[in-house]
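The values are calculated or read from the model by the stated rules, or taken from the named source; none is laboratory data. Please read all numbers here as calculations on a predicted model, not as lab measurements. When we count neighbours, we look across all protein chains shown, and the Cβ atoms used for this are built from the backbone with ideal geometry, even at glycine.
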Amino acid sequence: MYLSKNDFSIAVNLLPLISVDFCILDNENRLLFVKRNCRPAKDYLFTPGGRVRKNEKFYDAIKRISKDEIGLSLNENHNLINMGIWDHFYEDSAFDNSISTHYINIPHLIRLNKDMKKLINIKFGKDYQHGNYEWIHIEDCFNHKDIHKYPKEYSKFIHTNFFYFF
């Protein structure tokens, strides 16, 4: 379901949003980050992701968001590892510096093989949500100055809990 900009602004002001992030790890133990062009977390490197829409099944949202954000068609049959439920709190929103945003985020870890990595297609530039993207080795994420605090927490969680990947 799509909301008007005004209705969505009211919802952001009054309610938490449900979202999914993708912690995409390549075969060199690098995580994929996109630079955000819009609030919240504007100008920070963040993991790709998006909001779940009203009346949208969760795995339909995963398919839509992964296709929109990274050009990769994912679904529940892929090797998605649910990393739990995380709260993200921001002092601003996409609409206004004075409207806070609360996301209830459900990040998923995805380990790419070489063939899957070739399929990733991120649209970026001033007309898109992302200004750029880059792959950063997981251990370099912990203190990286351009990575937002929430994906830094993801990288530490992955490094600690999924050590068998490394």
**Q.** Residue count, region 45-65 (criterion: of a type outside the set (A, V, I, L, M) and farther than 21 Å from GLU153 by Cα)
**A.** 10
**Q.** Qualifying positions in region 32-72 - farther than 19 Å from SER93 by Cβ and in contact with a Ser or Thr (Cβ under 6 Å, 6 or more places away or on another chain)
**A.** LYS67, LEU72
Q) ASP146 passes all but one of (1) over 29 Å from ASP7 (Cβ atoms); (2) modelled with pLDDT under 90; which number fails? A) (2)
Q: Would you mention how many residues in region 121-135 are over 15 Å from ASP21 (Cβ atoms) and modelled with pLDDT of 70 or more?
A: 3
Q: Report the residue count in region 133-165 for those that are assigned to a loop (DSSP other than H, G, I, E, B) and of a type outside the set (Asp, Glu).
A: 6
